[in-house]
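Taking it in order: structure first as structure tokens, then the write-up.
The values are calculated or read from the model by the stated rules, or taken from the named source; none is laboratory data. As the structure is a computational prediction, the values presented were derived from the model and not from experiment. Neighbour counts are summed over all protein chains in view; Cβ atoms, including those assigned to glycine, are modelled from backbone coordinates with ideal geometry. When the accessible area is computed, the model is the full protein with side chains, heavy atoms only, and any ligands, DNA or RNA have been set aside. Shrake-Rupley method; radii C 1.70, N 1.55, O 1.52, S 1.80 Å.
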Amino acid sequence: DSGVTQTPKHLITATGQRVTLRCSPRSGDLSVYWYQQSLDQGLQFLIQYYNGEERAKGNILERFSAQQFPDLHSELNLSSLELGDSALYFCASSVATSNEQFFGPGTRLTVL
Amino acid sequence: AQSVTQLGSHVSVSEGALVLLRCNYSSSVPPYLFWYVQYPNQGLQLLLKYTSAATLVKGINGFEAEFKKSETSFHLTKPSAHMSDAAEYFCAVSAPPTGNMLTFGGGTRLMVKP
């Protein structure tokens, strides 16, 4: 158990819908990262937050957004969902100055 | 920008045999390198990391990796495979100016035959 929690574990929804994925980092970790794992694209970095502020952006679609709240949990919002958005979404966390990231168990999103 | 190439999307070894999973990276600045393992229906677990200290890095579960700058490689090895090693393995790199974001290779699925 990495100490990073993600909810829900599974999510099934329809095209055009909007969903929110939630992540709680390890106690004391200020950075949160979101990654997408799909068969087509592999593991891709989406976005990083540090202590509530956006720190880095990767291959994140405009239909996707994220935020980190004062209690350091983070949410990834996916809207206008398409079939191709079906994937595993991982959250990871790290302490401020460490490159070592701890991954949560992931949320499996299925868009029908 | 950095990139990672893992040679061989599938590797099959017999139980007790040497495990060798290959990783080559590209980075214009000194990188940090990582190996992660993913068991079915689970998240990624860090096996080991290179952060510019010793070039031979020992990790969990008997795995180790050697950083070779001249070959831009960071291959993962284990002297004797166990059935429990069957999983997918990912090599990853992070480096300035992208900061802590990880760039992953395509992954190698390790199969262990009895």
Report summary line: Given (1) in a strand (DSSP E or B); (2) open to solvent by 30 Å² or more (accessible area, probe 1.4 Å), residue B:34 misses just (2)
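Among the residues of the range B:75-96, is there at least one that is of a type in the set (Asp, Glu), touching a strand residue (DSSP E or B) at 6+ places or on another chain (Cβ under 9 Å) and more than 30 Å from residue A:49 (Cα to Cα)? Step through it out loud before you land on a result.
So the first thing to find is which residues in the range B:75-96 are of a type in the set (Asp, Glu), and the list is B:85, B:88.
Subsequent filtering for residues that are touching a strand residue (DSSP E or B) at 6+ places or on another chain (Cβ under 9 Å) retains B:85, B:88.
Right, trim to more than 30 Å from residue A:49 (Cα to Cα) and you get B:85.
Yes, that holds for at least one residue.
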Report task. Report yes if some residue within the range B:45-60 is open to solvent by 20 Å² or more (accessible area, probe 1.4 Å), within 10 Å of chain A (Cβ to nearest Cβ), touching a residue at least 40 places away in the same chain (Cβ under 8 Å) and within 30 Å of residue A:32 (Cβ to Cβ); otherwise report no. Result -> no
**Report entry** Neighbours by Cβ (under 8 Å, 6+ apart or cross-chain): first from the range A:30-59, over 16 Å from residue A:70 (Cα atoms); second assigned to a loop (DSSP other than H, G, I, E, B) and hydroxyl-bearing (Ser, Thr, Tyr)
**Finding:** A:38/A:86; A:56/B:98
Query raised in the report: What do you reckon, is residue A:14 more than 24 Å from residue B:91 (Cβ to Cβ) and over 13 Å from the mean Cα position of the chain (by Cα)?
Result: yes
**Report entry** Filter result (modelled with pLDDT of 95 or more, outside any strand (DSSP E or B) and buried (at least 17 other Cβ atoms within 10 Å of the Cβ)) within the range B:1-21
**Finding:** B:6
Query - Selection from the range A:64-84 of residues that are touching a strand residue (DSSP E or B) at 6+ places or on another chain (Cβ under 7 Å) and charged (D, E, K, R) - result: A:75, A:82
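Yes/no matrix, rows are residues, columns are (1) among the charged types (D, E, K, R); (2) part of a loop (DSSP other than H, G, I, E, B); (3) at positive phi:
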| site | (1), (2), (3) |
| --- | --- |
| B:54 | no, yes, no |
| B:61 | no, no, yes |
| B:67 | no, no, no |
| B:74 | no, no, no |
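Specify which of the listed residues (A:40, A:85, A:29) is open to solvent by 60 Å² or more (accessible area, probe 1.4 Å) and either more than 14 Å from chain B (Cβ to nearest Cβ) or out of contact with any Asp or Glu (no Cβ under 9 Å at 6 or more places or on another chain) (or both).
On the way: A:85 fails: open to solvent by 60 Å² or more (accessible area, probe 1.4 Å); A:29 fails: open to solvent by 60 Å² or more (accessible area, probe 1.4 Å).
Answer to the check: A:40.
Could you say which residue among B:86, B:65 is away from every other protein chain (no Cβ under 14 Å), open to solvent by less than 80 Å² (accessible area, probe 1.4 Å) and touching a His at 6+ places or on another chain (Cβ under 7 Å)?
Values: B:86 fails: touching a His at 6+ places or on another chain (Cβ under 7 Å).
That would be B:65, the only listed residue that is away from every other protein chain (no Cβ under 14 Å), open to solvent by less than 80 Å² (accessible area, probe 1.4 Å) and touching a His at 6+ places or on another chain (Cβ under 7 Å).
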Query - Enumeration of residues in the range B:89-110 that are within 14 Å of chain A (Cβ to nearest Cβ), surrounded by 20 or more Cβ atoms within 10 Å (Cβ to Cβ) and part of a strand (DSSP E or B) - result: B:89, B:90, B:91, B:92, B:93, B:94, B:103, B:104, B:108
Report summary line: Given the conditions (1) away from chain A (no Cβ under 14 Å); (2) open to solvent by less than 80 Å² (accessible area, probe 1.4 Å); (3) over 18 Å from residue B:84 (Cβ atoms), every one holds for residue B:70 apart from (2)
**Report entry** Evaluation of residue A:94 against (1) within 14 Å of chain B (Cβ to nearest Cβ); (2) under 26 Å from residue B:3 (Cβ atoms); (3) open to solvent by 10 Å² or more (accessible area, probe 1.4 Å); (4) polar (S, T, N, Q) (one fails), failing number
**Finding:** (3)
